[in-house]
Amino acid sequence: MTYCCTTAPSVVELRSADTVRTDTELHIADTFCTLLLFGPKGRSWDAMKWVFVTVGVVALAAFLGQRLLKLSERALTNREVPVNNLPNCHLLKNIECGAEDLTILRDGLAIISTGLTFPGLPSCDKPGKIYTLDLLDPRLTPVELSIKGDLDQDSFNPHGISVYIDETGDTIHLFVVNHPQPHTSQVEIFQFVEDDNTIVHRRTVKHDLLHSVNDIVAVGEESFYATNDKSYPGEMLHFLTVFLGLPWARLVYYSPEAVKEVGNGFISANGINMSPDKRYLYVSDILDHEIAVFEIKKHQELVFIKSVAVGSLCDNIEVDQVTGDLWLGCHPNGAKLTQNDPKNPGGSEVVQIQDILSESPVVTQVYADDGSVLIGSSVAAPYEGKLLIGTVYQKALICDLK
């Protein structure tokens, strides 16, 4: 169908040439054409352009203002959390460069990754390390593990970790997210030799889909689920997607036989872990302040079940293997964390989720600090009445649970 103006058919087409129109329709069309051609009441097109430019500038300013407000809401910029201490807390020796992630084995031995260098946050400017901590030893002294095998230890930059124990229970495989260079990600697979306080490097995993890995959960000797905390590896593109609220970050499944995207809908996917029965996957949707729950189906496919609001910027997820409760290390105020102002430090928060698969999960704040003791909590895990809390770049704290 073609359209033409009754007043200027050669310039703007608005009226149907093959359909009879009413006088009212023709009048509307002629009026619109006149506005486009001459401006209202004959004003020049130059004047109209200024009107359009002004409207465009106002609309852009409103859009940018709305996005900045949303960004502030996502970062919880105005949130203040009252201190909620636990009894008998003390900082661990030897941990001076953070304990970004940790996991506790059934015998009470914690494995801790330290020394993460992450864009925009303070770091120790030296290679990362892996420690163990025997929670049954009253001395509670972390011990550095020796690294053997073909790994460039000078560029070792550990992030999220996970453990897989084979069916015999004899072999412990340690998976470590490593960022040896800025904007690169790979997964290192070690064998943990507890008697020698050693981890032996077995393999490095790289893949285009694993471009900005934050955390992993191992499901086999060489297979795992991983979160990408960025839609794209570069910082500028990542900021743009966060600013625009584009949920393009992905979950990835990796095995030697298949690598595939299995989940999406995240602006930034952070911590990840699995239920004790291996049927459900939990992912921290950090910028939406939620924990996403997926059911694991055949061929490692995921089906989204629900999200549970936690009210904080929750980082890594640990799962109590007895109760199934989730324990989350969280950042109560993201703006304070990134600003790194010693006079107004980013605080710490630990959140517990009970009965997450029920219709009414129970979300409880277990610990909170204003930064005077602990800055930037990223992980927390309970064991035998104690709570071990790690941070992105500062220290690690152990407390008694009430």
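What the table below lists for this structure:
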read-out: Nearest-20 debye value, the stretch 162-206 charge dipole, Cβ charges on Lys, Arg, Asp, Glu; value: 420
read-out: Near-label residues of the stretch 358-389 by backbone N, under 12 Å of a point 7 Å along Cα→Cβ of N197; value: none
read-out: Within the stretch 49-156: Cβ-based charge dipole about Cα centre, in debye rounded to nearest 20 (Lys, Arg +1; Asp, Glu -1); value: 680
read-out: Relative contact order (percent, whole number), the stretch 287-402, Cα cutoff 8 Å, 6+ residue spacing; value: 19
read-out: Distance between the stretch 306-359 and the stretch 212-263 - C-alpha centres, whole angstrom; value: 20
read-out: Radius of gyration, Dmax [the stretch 230-309; alpha carbons; angstrom]; value: 13.2, 40
read-out: Relative contact order computed over the stretch 233-319 (Cα-Cα under 8 Å; 6+ residues apart), in percent; value: 21
read-out: Protein accessible area in the stretch 191-256, 1.4 Å probe - carbon and sulfur %; value: 52
read-out: Cα Rg over Rh - the stretch 180-325, Kirkwood; value: 0.97
read-out: Residue-span extension gain [L91 to K298] - 0.36 nm each, minus C-alpha spacing; value: 70.2 nm
read-out: The chain - charge dipole about Cα centre, Lys and Arg +1 at Cβ, Asp and Glu -1, debye rounded to 20; value: 1500
read-out: Mean Cα-pair separation over length for the chain, i.e. relative contact order, pairs under 8 Å, 6 or more apart, %; value: 14
read-out: Burial ranking of peptide ranges 140-146, 163-169 (average Cβ count within 10 Å, highest at the top); value: 140-146, 163-169
read-out: Hydrodynamic radius (Kirkwood) for the stretch 282-402, which is based on Cα pairs only, to one decimal in Å; value: 14.9
read-out: 1.4 Å probe accessible area per residue over the chain, in Å²; value: 48
read-out: HN-Hα J in Hz across the stretch 322-330 - Karplus 6.51, -1.76, 1.60, θ = phi - 60°, x for Gly and Pro; value: 9, 8, x, 5, 9, 10, 10, x, 10
read-out: Kirkwood Rh in Å, taken over all unlike Cα pairs in the chain; value: 23.5
read-out: Rounded to whole Hz, the Karplus (6.51, -1.76, 1.60) HN-Hα couplings of the stretch 88-97, x for glycine and proline; value: 6, 8, 8, 6, 7, 6, 6, 9, 10, 10
read-out: Calculated diffusion of the stretch 53-165, Stokes-Einstein form, Kirkwood radius summed over Cα pairs, 10 °C and 1.306 mPa s, µm²/s; value: 88
read-out: Subset of K260/K298; K126/K395; K206/K260; K93/K336; K278/K298; K260/K306 violating a 18 Å alpha-carbon distance limit; value: K93/K336; K260/K306
read-out: Unit charges at the beta carbon, dipole of the stretch 135-256: most positive-side option, P182, G245, S255; value: G245
read-out: Highest-first arrangement of 386-393, 78-85, where packing means the average Cβ count within 10 Å; value: 386-393, 78-85
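The values are calculated or read from the model by the stated rules, or taken from the named source; none is laboratory data. Because the structure is a prediction, the values reported are computed rather than measured. Every residue, glycine as well, gets a Cβ built from its backbone with ideal geometry; the counts of neighbours run over all protein chains shown. Calculation scope for accessible area: heavy atoms of the full protein, side chains included, ligands and nucleic acids excluded. Shrake-Rupley method; radii C 1.70, N 1.55, O 1.52, S 1.80 Å.
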